[in-house]
Amino acid sequence: MTSSSDERLDARRDDRLGEALLERLRAALPEGAVVTAVDAIAERSSDRSGVLGQTGALAVVRPRTTAEVAAVLALANETRTPVVPQGALTGLAGAANAVEGAILLDLGRLDRILAIDATERTAVVQPGVIVADLQQTVAAQGLFYAPDPASAEWATVGGTIATNAGGMRALKYGVTRDSVRSLEVVLADGTVVRTRPDTVKGVASLDLTALVIGSEGTLAVVTEATLQLRPAPGIPRGVAATFADVPSALAAANAVMTSGSLPTTLELLDDVALGAIRAWAPDLGLPEEANAWVLAVSDAADGDEELSRFEAVLQANGAITVERAADAETLDKLLDARRALNPALRELRGASLNGDVAVPLGRLGEFFARLTALASERGVEISVAGHVGDGNLHPVVAFDGDDPEQVAAAHRAHDEILGLAQAVGGTMTGEHGVGVEKLPGLGGELSERVRDLQLGIKAVFDPRGILNPGKKFG
Ligand SMILES: Cc1cc2nc3c(=O)[nH]c(=O)nc-3n(C[C@H](O)[C@H](O)[C@H](O)COP(=O)(O)OP(=O)(O)OC[C@H]3O[C@@H](n4cnc5c(N)ncnc54)[C@H](O)[C@@H]3O)c2cc1C
(Lines give C-alpha, C1' and ligand atoms only; values in the text may rest on other atoms or scores of the structure.)
Protein backbone atom coordinates (compact mmCIF):
# COMPACT_ATOMS: atom_id res chain seq x y z
CA MET A 1 0.00 0.00 0.00
CA THR A 2 1.32 3.50 -0.83
CA SER A 3 1.88 6.06 1.86
CA SER A 4 -0.89 8.29 0.43
CA SER A 5 -3.43 5.47 0.77
CA ASP A 6 -2.11 4.92 4.34
CA GLU A 7 -2.80 8.57 5.01
CA ARG A 8 -6.34 8.29 3.56
CA LEU A 9 -7.06 5.27 5.80
CA ASP A 10 -5.66 7.12 8.85
CA ALA A 11 -7.82 10.15 8.02
CA ARG A 12 -10.99 7.99 7.70
CA ARG A 13 -10.23 6.28 11.03
CA ASP A 14 -9.64 9.70 12.68
CA ASP A 15 -12.95 10.93 11.23
CA ARG A 16 -14.78 7.93 12.69
CA LEU A 17 -13.14 8.41 16.12
CA GLY A 18 -13.92 12.13 15.97
CA GLU A 19 -17.58 11.45 15.12
CA ALA A 20 -17.88 8.95 17.97
CA LEU A 21 -16.42 11.46 20.44
CA LEU A 22 -18.71 14.23 19.17
CA GLU A 23 -21.71 11.98 19.73
CA ARG A 24 -20.61 11.29 23.31
CA LEU A 25 -19.95 14.99 23.93
CA ARG A 26 -23.42 15.90 22.61
CA ALA A 27 -24.97 13.28 24.87
CA ALA A 28 -23.09 14.63 27.91
CA LEU A 29 -23.80 18.35 27.35
CA PRO A 30 -26.91 20.49 26.84
CA GLU A 31 -28.13 21.16 23.32
CA GLY A 32 -26.05 23.72 21.43
CA ALA A 33 -22.93 23.28 23.59
CA VAL A 34 -21.02 21.38 20.89
CA VAL A 35 -20.48 23.40 17.72
CA THR A 36 -18.81 21.93 14.62
CA ALA A 37 -19.62 24.62 12.02
CA VAL A 38 -16.42 25.40 10.09
CA ASP A 39 -16.75 29.19 10.49
CA ALA A 40 -17.40 28.89 14.25
CA ILE A 41 -14.23 26.79 14.59
CA ALA A 42 -12.25 29.24 12.42
CA GLU A 43 -13.45 32.15 14.57
CA ARG A 44 -12.10 30.46 17.72
CA SER A 45 -8.81 29.23 16.20
CA SER A 46 -6.43 32.19 16.67
CA ASP A 47 -5.75 34.73 19.38
CA ARG A 48 -4.55 38.31 18.90
CA SER A 49 -0.84 37.46 18.55
CA GLY A 50 -0.93 37.43 14.76
CA VAL A 51 0.19 33.77 14.84
CA LEU A 52 -2.46 31.63 13.17
CA GLY A 53 -3.79 28.57 14.97
CA GLN A 54 -3.76 25.16 13.30
CA THR A 55 -6.69 24.20 11.14
CA GLY A 56 -8.78 21.08 11.71
CA ALA A 57 -9.92 21.47 15.32
CA LEU A 58 -12.74 19.03 16.09
CA ALA A 59 -15.30 21.36 17.65
CA VAL A 60 -15.92 24.39 19.81
CA VAL A 61 -17.40 23.20 23.11
CA ARG A 62 -19.19 25.69 25.35
CA PRO A 63 -19.86 24.33 28.86
CA ARG A 64 -21.86 26.29 31.44
CA THR A 65 -20.92 24.44 34.64
CA THR A 66 -17.91 22.85 36.32
CA ALA A 67 -19.59 19.46 35.97
CA GLU A 68 -19.84 19.97 32.21
CA VAL A 69 -16.16 20.94 32.00
CA ALA A 70 -15.34 17.79 33.99
CA ALA A 71 -17.40 15.64 31.62
CA VAL A 72 -15.59 17.08 28.59
CA LEU A 73 -12.15 16.49 30.10
CA ALA A 74 -12.97 12.93 31.20
CA LEU A 75 -14.02 12.06 27.65
CA ALA A 76 -11.04 13.85 26.12
CA ASN A 77 -8.62 12.08 28.45
CA GLU A 78 -10.14 8.67 27.76
CA THR A 79 -9.87 9.23 23.99
CA ARG A 80 -6.53 11.13 24.18
CA THR A 81 -8.12 14.12 22.45
CA PRO A 82 -6.30 17.47 22.81
CA VAL A 83 -8.18 20.22 24.66
CA VAL A 84 -7.40 23.93 24.25
CA PRO A 85 -8.94 26.00 27.08
CA GLN A 86 -10.01 29.41 25.79
CA GLY A 87 -11.14 32.71 27.26
CA ALA A 88 -11.70 35.78 25.09
CA LEU A 89 -8.76 35.04 22.73
CA THR A 90 -7.08 38.37 23.46
CA GLY A 91 -3.78 36.61 24.23
CA LEU A 92 -0.64 37.82 22.48
CA ALA A 93 1.42 34.61 22.36
CA GLY A 94 -0.74 32.09 20.47
CA ALA A 95 -1.38 30.22 23.74
CA ALA A 96 -5.09 29.72 23.06
CA ASN A 97 -4.63 28.92 19.38
CA ALA A 98 -6.28 25.84 17.92
CA VAL A 99 -4.48 22.52 17.63
CA GLU A 100 -5.46 19.98 14.98
CA GLY A 101 -8.14 17.56 16.19
CA ALA A 102 -8.65 19.51 19.44
CA ILE A 103 -11.69 20.43 21.43
CA LEU A 104 -11.66 24.24 21.69
CA LEU A 105 -13.04 24.60 25.22
CA ASP A 106 -14.64 28.05 25.29
CA LEU A 107 -15.11 28.99 28.97
CA GLY A 108 -16.91 32.26 28.19
CA ARG A 109 -20.29 30.92 29.35
CA LEU A 110 -19.12 30.31 32.89
CA ASP A 111 -19.57 34.02 33.41
CA ARG A 112 -21.09 34.60 36.86
CA ILE A 113 -19.77 36.55 39.82
CA LEU A 114 -20.83 34.11 42.54
CA ALA A 115 -20.08 36.11 45.71
CA ILE A 116 -18.47 39.30 46.96
CA ASP A 117 -17.48 39.21 50.63
CA ALA A 118 -16.41 42.52 52.19
CA THR A 119 -15.28 40.87 55.44
CA GLU A 120 -13.01 38.35 53.74
CA ARG A 121 -12.20 40.90 51.01
CA THR A 122 -12.79 38.29 48.31
CA ALA A 123 -14.81 37.78 45.15
CA VAL A 124 -15.67 34.27 44.00
CA VAL A 125 -16.03 34.25 40.23
CA GLN A 126 -16.32 31.92 37.28
CA PRO A 127 -13.55 32.07 34.67
CA GLY A 128 -15.60 33.68 31.87
CA VAL A 129 -16.24 36.91 33.82
CA ILE A 130 -14.75 39.89 31.96
CA VAL A 131 -12.09 41.65 34.04
CA ALA A 132 -13.58 45.15 33.61
CA ASP A 133 -17.04 43.88 34.67
CA LEU A 134 -15.53 42.50 37.86
CA GLN A 135 -13.63 45.75 38.51
CA GLN A 136 -16.83 47.78 38.11
CA THR A 137 -19.01 45.43 40.16
CA VAL A 138 -16.68 45.45 43.17
CA ALA A 139 -16.06 49.22 42.82
CA ALA A 140 -19.81 49.75 43.32
CA GLN A 141 -19.30 48.18 46.78
CA GLY A 142 -16.28 50.35 47.64
CA LEU A 143 -13.81 47.56 46.84
CA PHE A 144 -11.01 47.24 44.32
CA TYR A 145 -9.79 44.43 42.04
CA ALA A 146 -6.25 45.49 41.23
CA PRO A 147 -5.19 43.55 38.08
CA ASP A 148 -5.73 45.82 35.08
CA PRO A 149 -4.33 44.56 31.77
CA ALA A 150 -4.91 46.96 28.87
CA SER A 151 -7.27 44.29 27.53
CA ALA A 152 -9.49 44.43 30.65
CA GLU A 153 -12.60 45.35 28.62
CA TRP A 154 -12.44 41.98 26.80
CA ALA A 155 -10.14 39.56 28.63
CA THR A 156 -11.64 36.96 30.96
CA VAL A 157 -10.60 36.33 34.55
CA GLY A 158 -9.71 32.73 33.57
CA GLY A 159 -7.46 33.91 30.74
CA THR A 160 -5.74 36.45 32.96
CA ILE A 161 -5.12 33.79 35.62
CA ALA A 162 -3.80 31.32 33.06
CA THR A 163 -1.38 33.93 31.69
CA ASN A 164 -0.69 35.63 35.04
CA ALA A 165 -1.51 38.90 33.29
CA GLY A 166 0.16 42.07 34.51
CA GLY A 167 -0.83 45.45 33.17
CA MET A 168 -0.54 49.03 34.24
CA ARG A 169 -1.18 48.73 37.99
CA ALA A 170 1.19 45.79 38.53
CA LEU A 171 3.91 48.17 39.72
CA LYS A 172 2.01 48.95 42.92
CA TYR A 173 -0.35 45.98 43.37
CA GLY A 174 1.49 43.11 41.71
CA VAL A 175 0.37 40.87 38.86
CA THR A 176 -2.74 38.64 38.72
CA ARG A 177 -1.01 36.05 40.94
CA ASP A 178 -0.99 38.59 43.78
CA SER A 179 -4.79 38.83 43.67
CA VAL A 180 -5.67 35.12 43.62
CA ARG A 181 -6.39 33.31 46.89
CA SER A 182 -7.45 29.90 45.59
CA LEU A 183 -8.75 28.10 42.52
CA GLU A 184 -11.22 25.39 41.67
CA VAL A 185 -9.72 23.49 38.74
CA VAL A 186 -10.65 20.51 36.63
CA LEU A 187 -7.71 18.18 36.12
CA ALA A 188 -6.98 16.49 32.82
CA ASP A 189 -8.85 13.30 33.83
CA GLY A 190 -11.97 15.25 34.82
CA THR A 191 -11.37 15.33 38.58
CA VAL A 192 -12.44 18.59 40.24
CA VAL A 193 -10.16 19.93 43.00
CA ARG A 194 -9.73 23.12 45.04
CA THR A 195 -6.09 24.14 45.29
CA ARG A 196 -6.21 25.49 48.90
CA PRO A 197 -8.57 27.13 51.39
CA ASP A 198 -9.59 30.75 50.73
CA THR A 199 -7.69 32.13 53.76
CA VAL A 200 -5.05 34.84 53.34
CA LYS A 201 -2.44 32.59 54.94
CA GLY A 202 -2.03 28.84 54.51
CA VAL A 203 1.07 26.69 54.10
CA ALA A 204 -0.23 23.17 54.53
CA SER A 205 0.68 22.11 51.01
CA LEU A 206 2.88 22.94 48.06
CA ASP A 207 1.50 26.00 46.29
CA LEU A 208 -0.60 24.40 43.56
CA THR A 209 -2.45 27.69 43.01
CA ALA A 210 0.84 29.30 42.01
CA LEU A 211 1.62 26.44 39.62
CA VAL A 212 -1.69 26.76 37.79
CA ILE A 213 -1.43 30.57 37.57
CA GLY A 214 0.53 31.36 34.41
CA SER A 215 0.45 27.76 33.18
CA GLU A 216 -1.38 28.82 29.99
CA GLY A 217 -3.99 26.07 30.12
CA THR A 218 -1.40 23.28 30.15
CA LEU A 219 -1.92 21.95 33.71
CA ALA A 220 -5.64 22.28 34.49
CA VAL A 221 -8.79 24.17 33.55
CA VAL A 222 -9.79 26.95 35.96
CA THR A 223 -13.53 26.78 36.69
CA GLU A 224 -13.75 29.09 39.71
CA ALA A 225 -11.44 31.57 41.41
CA THR A 226 -11.47 33.21 44.82
CA LEU A 227 -9.89 36.58 44.21
CA GLN A 228 -8.30 39.06 46.60
CA LEU A 229 -10.04 42.45 46.81
CA ARG A 230 -8.62 45.60 48.38
CA PRO A 231 -10.18 48.73 49.85
CA ALA A 232 -10.84 51.30 47.10
CA PRO A 233 -7.76 53.50 46.63
CA GLY A 234 -7.80 57.29 46.15
CA ILE A 235 -8.87 58.79 42.83
CA PRO A 236 -5.98 58.26 40.40
CA ARG A 237 -4.25 61.31 38.95
CA GLY A 238 -1.13 61.61 36.87
CA VAL A 239 1.82 63.56 35.59
CA ALA A 240 2.95 63.28 31.97
CA ALA A 241 6.39 64.40 30.82
CA THR A 242 8.17 64.59 27.47
CA PHE A 243 11.87 63.92 26.87
CA ALA A 244 14.48 64.49 24.19
CA ASP A 245 15.06 60.77 23.80
CA VAL A 246 14.28 57.34 25.27
CA PRO A 247 17.51 57.01 27.34
CA SER A 248 16.70 60.24 29.23
CA ALA A 249 13.12 59.06 29.74
CA LEU A 250 14.39 55.73 31.11
CA ALA A 251 16.78 57.51 33.48
CA ALA A 252 13.98 59.81 34.71
CA ALA A 253 11.66 56.84 35.24
CA ASN A 254 14.33 55.15 37.35
CA ALA A 255 14.69 58.36 39.35
CA VAL A 256 10.94 58.24 40.08
CA MET A 257 11.41 54.68 41.31
CA THR A 258 14.04 55.79 43.83
CA SER A 259 12.08 58.87 44.94
CA GLY A 260 10.61 57.11 47.98
CA SER A 261 7.08 56.91 46.48
CA LEU A 262 5.76 54.01 44.47
CA PRO A 263 3.58 55.12 41.53
CA THR A 264 0.52 53.02 40.71
CA THR A 265 1.52 53.19 37.06
CA LEU A 266 4.70 54.31 35.32
CA GLU A 267 4.51 54.03 31.53
CA LEU A 268 6.76 54.92 28.60
CA LEU A 269 6.00 55.59 24.92
CA ASP A 270 8.69 56.32 22.31
CA ASP A 271 8.18 58.58 19.28
CA VAL A 272 7.00 55.78 16.97
CA ALA A 273 4.41 54.61 19.52
CA LEU A 274 3.29 58.21 20.15
CA GLY A 275 2.87 58.86 16.42
CA ALA A 276 0.99 55.58 15.85
CA ILE A 277 -1.39 56.16 18.77
CA ARG A 278 -2.01 59.81 17.77
CA ALA A 279 -2.93 58.62 14.26
CA TRP A 280 -5.15 55.84 15.66
CA ALA A 281 -6.89 57.98 18.29
CA PRO A 282 -6.19 61.69 17.69
CA ASP A 283 -8.36 63.01 20.53
CA LEU A 284 -6.68 61.35 23.49
CA GLY A 285 -4.39 64.19 24.46
CA LEU A 286 -0.94 62.84 23.60
CA PRO A 287 1.66 65.57 22.91
CA GLU A 288 2.10 66.59 19.26
CA GLU A 289 5.85 66.46 19.25
CA ALA A 290 7.95 64.37 21.58
CA ASN A 291 10.67 61.77 21.24
CA ALA A 292 9.68 60.04 24.45
CA TRP A 293 6.84 60.35 26.95
CA VAL A 294 6.46 59.14 30.52
CA LEU A 295 3.25 58.94 32.54
CA ALA A 296 3.37 58.56 36.33
CA VAL A 297 0.10 57.88 38.15
CA SER A 298 -0.68 58.10 41.85
CA ASP A 299 -3.79 56.73 43.55
CA ALA A 300 -2.48 57.55 47.03
CA ALA A 301 -4.76 59.29 49.51
CA ASP A 302 -2.21 62.15 49.58
CA GLY A 303 -2.11 62.10 45.76
CA ASP A 304 -1.31 65.81 45.42
CA GLU A 305 1.85 65.52 47.44
CA GLU A 306 2.94 62.44 45.54
CA LEU A 307 2.26 64.08 42.17
CA SER A 308 4.32 67.13 43.19
CA ARG A 309 7.18 64.79 44.10
CA PHE A 310 6.93 63.02 40.70
CA GLU A 311 6.85 66.38 38.91
CA ALA A 312 9.95 67.58 40.72
CA VAL A 313 11.85 64.35 39.99
CA LEU A 314 10.89 64.36 36.31
CA GLN A 315 11.86 68.03 35.96
CA ALA A 316 15.19 67.46 37.68
CA ASN A 317 15.90 64.54 35.35
CA GLY A 318 15.66 66.15 31.94
CA ALA A 319 11.92 66.49 31.25
CA ILE A 320 11.21 69.05 28.52
CA THR A 321 7.56 69.51 29.48
CA VAL A 322 5.65 68.30 32.54
CA GLU A 323 1.87 68.40 32.66
CA ARG A 324 -0.57 67.30 35.30
CA ALA A 325 -3.56 65.11 34.46
CA ALA A 326 -5.30 66.34 37.56
CA ASP A 327 -8.83 65.08 36.93
CA ALA A 328 -10.12 61.58 36.24
CA GLU A 329 -11.30 62.42 32.71
CA THR A 330 -7.92 63.75 31.51
CA LEU A 331 -6.08 60.82 33.05
CA ASP A 332 -8.55 58.30 31.58
CA LYS A 333 -7.86 59.70 28.11
CA LEU A 334 -4.12 59.31 28.57
CA LEU A 335 -4.54 55.76 29.89
CA ASP A 336 -6.83 54.96 26.95
CA ALA A 337 -4.11 56.27 24.65
CA ARG A 338 -1.61 53.94 26.30
CA ARG A 339 -4.10 51.04 26.04
CA ALA A 340 -4.35 51.65 22.28
CA LEU A 341 -0.66 50.75 21.81
CA ASN A 342 -1.17 47.29 20.28
CA PRO A 343 -3.88 48.07 17.69
CA ALA A 344 -2.22 51.41 16.81
CA LEU A 345 1.16 49.83 16.08
CA ARG A 346 -0.43 47.04 14.05
CA GLU A 347 -2.21 49.67 11.97
CA LEU A 348 1.09 51.49 11.34
CA ARG A 349 2.48 49.02 8.77
CA GLY A 350 -0.33 46.47 8.54
CA ALA A 351 1.34 43.83 10.74
CA SER A 352 3.31 43.76 13.97
CA LEU A 353 5.13 41.40 16.30
CA ASN A 354 4.74 42.25 19.96
CA GLY A 355 7.67 41.85 22.31
CA ASP A 356 7.14 41.48 26.04
CA VAL A 357 10.52 41.51 27.75
CA ALA A 358 11.13 42.23 31.43
CA VAL A 359 14.61 43.39 32.39
CA PRO A 360 16.21 44.66 35.62
CA LEU A 361 15.59 48.40 36.00
CA GLY A 362 19.31 49.11 36.24
CA ARG A 363 19.87 47.55 32.80
CA LEU A 364 16.99 49.20 30.90
CA GLY A 365 19.40 51.69 29.27
CA GLU A 366 21.75 48.92 28.14
CA PHE A 367 18.83 46.88 26.79
CA PHE A 368 17.57 49.88 24.82
CA ALA A 369 21.04 50.55 23.33
CA ARG A 370 21.30 46.91 22.19
CA LEU A 371 17.77 47.06 20.77
CA THR A 372 18.59 50.19 18.76
CA ALA A 373 21.69 48.48 17.35
CA LEU A 374 19.62 45.40 16.44
CA ALA A 375 17.01 47.53 14.64
CA SER A 376 19.64 49.18 12.48
CA GLU A 377 21.50 45.90 11.78
CA ARG A 378 18.32 44.17 10.64
CA GLY A 379 16.89 47.22 8.85
CA VAL A 380 13.58 47.14 10.77
CA GLU A 381 11.69 49.69 12.81
CA ILE A 382 11.30 48.70 16.47
CA SER A 383 9.16 50.82 18.73
CA VAL A 384 9.54 50.70 22.52
CA ALA A 385 6.80 51.27 25.04
CA GLY A 386 5.55 49.68 28.19
CA HIS A 387 5.48 49.39 31.93
CA VAL A 388 8.84 51.01 32.53
CA GLY A 389 8.47 51.06 36.32
CA ASP A 390 8.65 47.26 36.56
CA GLY A 391 11.05 46.84 33.61
CA ASN A 392 8.38 45.23 31.39
CA LEU A 393 8.86 46.76 27.96
CA HIS A 394 6.97 45.94 24.78
CA PRO A 395 9.34 46.34 21.82
CA VAL A 396 7.09 46.08 18.77
CA VAL A 397 8.34 45.34 15.26
CA ALA A 398 5.83 46.84 12.81
CA PHE A 399 6.07 45.67 9.18
CA ASP A 400 4.28 45.21 5.89
CA GLY A 401 2.91 41.65 5.94
CA ASP A 402 2.75 41.57 2.13
CA ASP A 403 6.49 42.20 1.71
CA PRO A 404 8.35 38.87 2.15
CA GLU A 405 11.66 40.62 2.88
CA GLN A 406 10.12 42.71 5.63
CA VAL A 407 8.32 39.68 7.04
CA ALA A 408 11.57 37.69 7.26
CA ALA A 409 13.54 40.60 8.76
CA ALA A 410 10.79 41.35 11.28
CA HIS A 411 10.57 37.73 12.48
CA ARG A 412 14.34 37.46 12.78
CA ALA A 413 14.54 40.68 14.79
CA HIS A 414 11.60 39.61 16.98
CA ASP A 415 13.30 36.28 17.83
CA GLU A 416 16.58 38.06 18.55
CA ILE A 417 14.87 40.44 21.00
CA LEU A 418 14.09 37.42 23.22
CA GLY A 419 17.83 36.75 23.50
CA LEU A 420 18.65 40.43 24.11
CA ALA A 421 16.42 40.48 27.20
CA GLN A 422 17.96 37.27 28.50
CA ALA A 423 21.48 38.63 27.87
CA VAL A 424 20.87 41.54 30.27
CA GLY A 425 19.52 39.30 33.04
CA GLY A 426 15.86 39.55 32.07
CA THR A 427 13.15 37.37 30.64
CA MET A 428 11.71 37.09 27.13
CA THR A 429 8.17 37.35 28.48
CA GLY A 430 7.03 39.46 31.41
CA GLU A 431 3.27 39.03 31.11
CA HIS A 432 2.04 37.69 27.75
CA GLY A 433 3.31 34.14 28.15
CA VAL A 434 5.18 31.67 25.94
CA GLY A 435 2.27 30.22 23.97
CA VAL A 436 3.69 29.05 20.66
CA GLU A 437 5.18 32.39 19.74
CA LYS A 438 8.05 32.42 22.21
CA LEU A 439 8.98 28.74 22.16
CA PRO A 440 12.21 29.55 20.24
CA GLY A 441 13.47 31.52 23.25
CA LEU A 442 12.94 28.84 25.92
CA GLY A 443 16.39 27.28 25.51
CA GLY A 444 18.02 30.62 26.27
CA GLU A 445 16.12 31.05 29.51
CA LEU A 446 15.70 27.72 31.29
CA SER A 447 18.50 25.37 32.24
CA GLU A 448 18.03 21.74 31.21
CA ARG A 449 17.41 20.75 34.84
CA VAL A 450 14.72 23.40 35.31
CA ARG A 451 13.10 22.38 32.05
CA ASP A 452 13.06 18.72 33.17
CA LEU A 453 11.42 19.74 36.45
CA GLN A 454 8.73 21.62 34.53
CA LEU A 455 8.09 18.70 32.19
CA GLY A 456 7.87 16.42 35.23
CA ILE A 457 5.22 18.67 36.78
CA LYS A 458 3.31 18.73 33.49
CA ALA A 459 3.38 14.91 33.40
CA VAL A 460 1.99 14.67 36.96
CA PHE A 461 -0.93 17.01 36.15
CA ASP A 462 -1.59 15.73 32.66
CA PRO A 463 -0.05 12.26 32.10
CA ARG A 464 -1.61 11.84 28.66
CA GLY A 465 -0.58 15.31 27.49
CA ILE A 466 -4.05 16.35 26.36
CA LEU A 467 -4.08 19.90 27.80
CA ASN A 468 -2.99 22.53 25.30
CA PRO A 469 -0.27 20.38 23.68
CA GLY A 470 2.61 22.12 21.92
CA LYS A 471 2.29 25.26 24.05
CA LYS A 472 4.40 26.69 26.87
CA PHE A 473 6.95 23.82 27.13
CA GLY A 474 7.72 23.19 23.44
C1 LIG B 1 -5.12 45.30 23.22
C2 LIG B 1 -4.50 44.30 24.15
C3 LIG B 1 -3.89 44.73 25.31
C4 LIG B 1 -3.30 43.81 26.19
N5 LIG B 1 -2.74 44.27 27.33
C6 LIG B 1 -2.20 43.40 28.22
C7 LIG B 1 -1.60 43.88 29.43
O8 LIG B 1 -1.56 45.08 29.69
N9 LIG B 1 -1.08 42.98 30.27
C10 LIG B 1 -1.11 41.63 30.01
O11 LIG B 1 -0.62 40.84 30.82
N12 LIG B 1 -1.67 41.14 28.86
C13 LIG B 1 -2.21 41.99 27.98
N14 LIG B 1 -2.77 41.53 26.82
C15 LIG B 1 -2.77 40.08 26.56
C16 LIG B 1 -4.08 39.35 26.98
O17 LIG B 1 -5.16 40.20 27.04
C18 LIG B 1 -3.95 38.72 28.31
O19 LIG B 1 -2.95 37.74 28.24
C20 LIG B 1 -5.24 38.04 28.84
O21 LIG B 1 -4.89 37.48 30.08
C22 LIG B 1 -5.84 36.94 27.99
O23 LIG B 1 -7.16 36.69 28.43
P24 LIG B 1 -8.21 35.93 27.50
O25 LIG B 1 -9.47 35.73 28.27
O26 LIG B 1 -8.36 36.62 26.22
O27 LIG B 1 -7.49 34.52 27.32
P28 LIG B 1 -7.16 33.72 25.99
O29 LIG B 1 -6.33 34.55 25.07
O30 LIG B 1 -8.38 33.11 25.43
O31 LIG B 1 -6.25 32.56 26.62
C32 LIG B 1 -4.98 32.86 27.15
C33 LIG B 1 -4.40 31.60 27.81
O34 LIG B 1 -5.20 31.23 28.92
C35 LIG B 1 -5.66 29.87 28.79
N36 LIG B 1 -6.98 29.86 29.42
C37 LIG B 1 -8.03 30.68 29.16
N38 LIG B 1 -9.03 30.43 30.01
C39 LIG B 1 -8.61 29.42 30.82
C40 LIG B 1 -9.20 28.71 31.90
N41 LIG B 1 -10.41 28.99 32.36
N42 LIG B 1 -8.48 27.71 32.48
C43 LIG B 1 -7.24 27.40 32.06
N44 LIG B 1 -6.64 28.05 31.04
C45 LIG B 1 -7.32 29.05 30.43
C46 LIG B 1 -5.60 29.58 27.31
O47 LIG B 1 -5.43 28.19 27.07
C48 LIG B 1 -4.37 30.37 26.91
O49 LIG B 1 -3.23 29.61 27.24
C50 LIG B 1 -3.34 42.42 25.90
C51 LIG B 1 -3.97 41.98 24.73
C52 LIG B 1 -4.53 42.90 23.86
C53 LIG B 1 -5.20 42.40 22.62
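The values are calculated or read from the model by the stated rules, or taken from the named source; none is laboratory data. Owing to the predicted nature of the structure, the values given are computational and were not obtained by experimental measurement. Reconstructed Cβ throughout: ideal geometry from the backbone, glycine too, with neighbour counts over all protein chains shown. SASA here: full protein model, heavy atoms, side chains in, ligands and nucleic acids out. Shrake-Rupley method; radii C 1.70, N 1.55, O 1.52, S 1.80 Å.
Odds and ends about this structure:
- Ratio Rg/Rh [Cα only; Rh per Kirkwood] for segment 104-179: 0.95
- Based on alpha-carbon atoms, the Kirkwood radius and the radius of gyration of segment 71-116 give Rg/Rh equal to 1.06.
- Under-5 Å amide H pairs with residue 292, H placed in peptide plane, nonlocal only: 243
- Once the Cα gyration tensor of segment 109-231 is diagonalised, semi-axes √(5λ) in Å: 21, 16, 14
- Simple rule: put +1 on each Lys or Arg Cβ and -1 on each Asp or Glu Cβ in the chain, find the dipole, and look at 297, 170, 246; the Cα lying farthest toward the positive end is 170.
- DSSP beta bridges confined to the chain are antiparallel in about 85 percent of cases.
- Proportion of all alpha-carbon pairs of segment 28-74 beyond 17 Å (%): 43 percent
- The residues of segment 109-231 have, on average, 39 Å² of accessible surface per residue, using a 1.4 Å probe with all protein chains present.
- Theoretical FRET efficiency, 1/(1+(r/R0)^6), r = Cβ-Cβ of residue 17 and residue 464, R0 22 Å, to 0.05: 0.90
- Residues with amide H under 5 Å from that of residue 223, placed H, sequence gap 5 or more: 184, 185, 186
- In range of the label at residue 193: residues from segment 435-474 whose backbone nitrogen is under 19 Å from the point 7 Å along Cα→Cβ: 453-468
- Neighbourhood net charge (12 Å Cβ-Cβ; Lys/Arg +1, Asp/Glu -1) for residue 337: 0
- The gain in end-to-end length when the residue 153 to residue 361 segment is fully stretched comes to 72.0 nm, 0.36 nm per residue minus the alpha carbon separation.
- MRE, 222 nm, helices only [DSSP H, n ≥ 4, -39500 (n - 2.57), over the chain, to nearest 500]: -11500 deg cm²/dmol
- Percent RCO, i.e. relative contact order, over segment 109-231, from Cα pairs under 8 Å lying at least 6 residues apart: 30 percent
- Violating pairs (Cα-Cα greater than 31 angstrom) within the set 172/333; 333/458; 201/438; 333/471; 201/472: 333/458; 201/438; 333/471
- In terms of the mean number of neighbouring beta-carbon atoms within 10 Å, the peptides 160-173, 365-378, 345-358 order highest first as 160-173, 345-358, 365-378.
- Solvent exposure of residue 293, expressed as accessible area, is near 10 Å², computed with a probe of 1.4 Å over the protein chains only.
- Percent of Cα pairs in segment 235-336 per distance bin of 10 Å, from zero to the largest separation: 17, 52, 28, 3.
- A crude spin-label estimate for the pair residue 65 and residue 329, with each label 7 Å from Cα along the Cβ direction, gives 4.8 nm.
- Summarising the amide proton neighbourhood of residue 265: residues at separation of 5 or more, or on other chains, whose placed amide H is nearer than 5 Å comprise 297.
- Dividing the alpha-carbon radius of gyration of segment 1-158 by the rule-of-thumb value 2.2 N^0.38 Å gives 1.23.
- Label-to-label distance, nm, for residues given as residue 232 and residue 279 (7 Å Cα→Cβ offset): 4.0 nm
- Solvent-accessible area of residue 45 with every protein chain in place, 1.4 Å probe, in Å² to the nearest 10: 10 Å²
- Taking every DSSP beta bridge that has both ends in segment 109-231, the antiparallel portion is near 95%.
- Cα centroid separation - segment 145-167 against segment 407-440, whole Å: 21 Å
- Semi-axis lengths (Å, descending) of the ellipsoid that matches the C-alpha gyration tensor of the chain: 39, 27, 19
- The chain, accessible surface, carbon-and-sulfur percent (1.4 angstrom probe): 53 percent
- Gyration tensor verdict on segment 310-431 (Cα atoms; rounded if a/c is under 1.5, prolate if a/b is larger than b/c, oblate otherwise): oblate
- Label-reachable residues, segment 106-127, where backbone N falls under 11 Å from a point 7 Å from residue 137's Cα toward its Cβ: 111-117, 123-127
- In nm, spacing of pseudo-spin labels at residue 38 and residue 415 (7 Å Cα→C-beta vector): 3.3 nm
- Using 0.36 nm per residue and subtracting the Cα-Cα separation, the extra length available between residue 453 and residue 109 on full extension is 120.4 nm.
- Normalised contact order of the chain, rounded percent, pairs of Cα under 8 Å and 6 or more residues apart: 15 percent
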